[in-house]
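Data first, discussion second: the structure below is written as structure tokens.
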Amino acid sequence: MEQVSWDDAQVFLTRLNAQQSASIPVGWTFALPTESQWEYACRAGTTTAYSWGNSITGTNANYGGFEGAFTQTKNVGDYSANPWGFFDMHGNLMEWTADRFHADYPTGNPVVDPTGAASGMFRVARGGSWGDGWAGQRSAMRHRFSTGNRNFDMGLRISLKKTN
């Protein structure tokens, strides 16, 4: 799904949870991942700029900034999955997270599943897109947008969240 706002994602998740309530375990719900959960899944146990290493080419991800770059979303699976089996964590579409943007993202040890700001008008998108250059694809790259923003290169990735 592309050109979806954070607000659209919330409507989708509400409908999905209602439709699939009998299919998911009690105490769980479909949700957007937190910013830190997204980065954890993207890194897949690595410490490099990208899940495959420290450099990027057009064979790694759908991103802008190289000769012959695509100017549209590609099919999931056109590029290799990261070490944990997740596709398109770098490039293709930026993905909304659950968190509000906070300029001072927690760093250092031990930081375990930090949460976003308690208030604010911007939400965080991660992953870079086909419209972003190489720096926008790094595992640690953060983007901020208003919740109604429907950029041409915005999407979402859902997760299961324990509610109790």
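I'd like the residue in the range 11-69 that is of a type in the set (Phe, Trp, Tyr) and in contact with a helix residue (DSSP H, G or I) (Cβ under 7 Å, 6 or more places away or on another chain) and, out of all such residues, is nearest to residue 131 (Cα to Cα).
63
When you scan the range 6-23, do you find a residue that is assigned to a loop (DSSP other than H, G, I, E, B) and in contact with a Ser or Thr (Cβ under 7 Å, 6 or more places away or on another chain), even just one?
no
Give me a count of the residues in the range 136-164 that are of a type in the set (Gly, Ala, Ser) and either closer than 30 Å to residue 21 by Cα or over 15 Å from the mean Cα position of the chain (by Cα) (or both).
Within the range 136-164, residues that are of a type in the set (Gly, Ala, Ser) and either closer than 30 Å to residue 21 by Cα or over 15 Å from the mean Cα position of the chain (by Cα) (or both) number 4.
For residues that are in a loop (DSSP other than H, G, I, E, B) and within 23 Å of residue 51 (Cβ to Cβ), scanning just the range 137-150, find the one that is most open to solvent (accessible area, probe 1.4 Å).
It comes out as 138.
The values are calculated or read from the model by the stated rules, or taken from the named source; none is laboratory data. All values derive from a computational prediction rather than experimental measurement. Methodologically, a virtual Cβ is constructed for each residue, glycine included, from the backbone with ideal geometry; neighbour enumeration extends over all protein chains shown. Only protein heavy atoms, including side chains, enter the accessible area calculation; ligands, DNA and RNA are left aside. Shrake-Rupley method; radii C 1.70, N 1.55, O 1.52, S 1.80 Å.
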